[in-house]
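These notes are about the structure you will find just below.
The values are calculated or read from the model by the stated rules, or taken from the named source; none is laboratory data. None of the values given here were measured: they were computed from a predicted structure. Please note: Cβ atoms are built from the backbone with ideal geometry, for glycine as well, and neighbour counts cover all protein chains shown. In case anyone asks, the SASA skips ligands and DNA or RNA and just uses the protein heavy atoms, side chains included. Shrake-Rupley method; radii C 1.70, N 1.55, O 1.52, S 1.80 Å.
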Amino acid sequence: MLYRKHVRQVLHAATLAAGGSAHDGWDGVQTAFYQAWRYLTEPARPRVRNWETWLRKTAVRHVVHVAQRADRTLPLQDHDCEQDGPLLENWVAVRGEYQGILQAVAALPPRQRQALALCCIAGCSVRETALIMDVEEGTVRSLISQARHALAPRRGEEIGDEQ
């Protein structure tokens, strides 16, 4: 029941956080539901009030954690590791605009994509995101601002001062 009710929302968030990689998105979903099963089988744990949010955060955190580990294995250059691309036809019927947004998110530098995924998709606070990424809160705000600025034309917004 828990799986059927929340799998699509969790998959969408995890796939978006993975820059459109359906493989990495499903990996995050599998991890989230495995953690939920472990949580439910331990009676001493406190009750979860909102399973959708809990599962989404768990899946996105897993995707970001895996991406951070992968980033550490690359030489220090200004490029992103290649993704396996959006495989949207395998899991949901979407319009071309959604696919374009996924591609734009995938094209973001890894740190911008991770900050955006944690704050805007998983719903983490700036403080939580800073702790997960091991950076200052101001850096998180800057990364999110840069990501939003880069995505503004895709979202149909005008680029200007955000004050």
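Data overview
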read-out	value
Helices (runs of 4 or more DSSP H) contained in region 15-116 and holding at least 1 residues modelled with pLDDT under 85 and surrounded by fewer than 11 Cβ atoms within 10 Å (Cβ to Cβ)	51-72, 96-107
V135 being at pLDDT 90 or above and either among the charged types (D, E, K, R) or farther than 17 Å from A17 by Cα (or both)	yes
Considering residues of region 117-128 that are in a helix (DSSP H, G or I) and over 20 Å from H12 (Cβ atoms) only, the residue least open to solvent (accessible area, probe 1.4 Å)	V126
Number of positions in region 1-12 that are open to solvent by 10 Å² or more (accessible area, probe 1.4 Å) and within 21 Å of C124 (Cα to Cα)	5
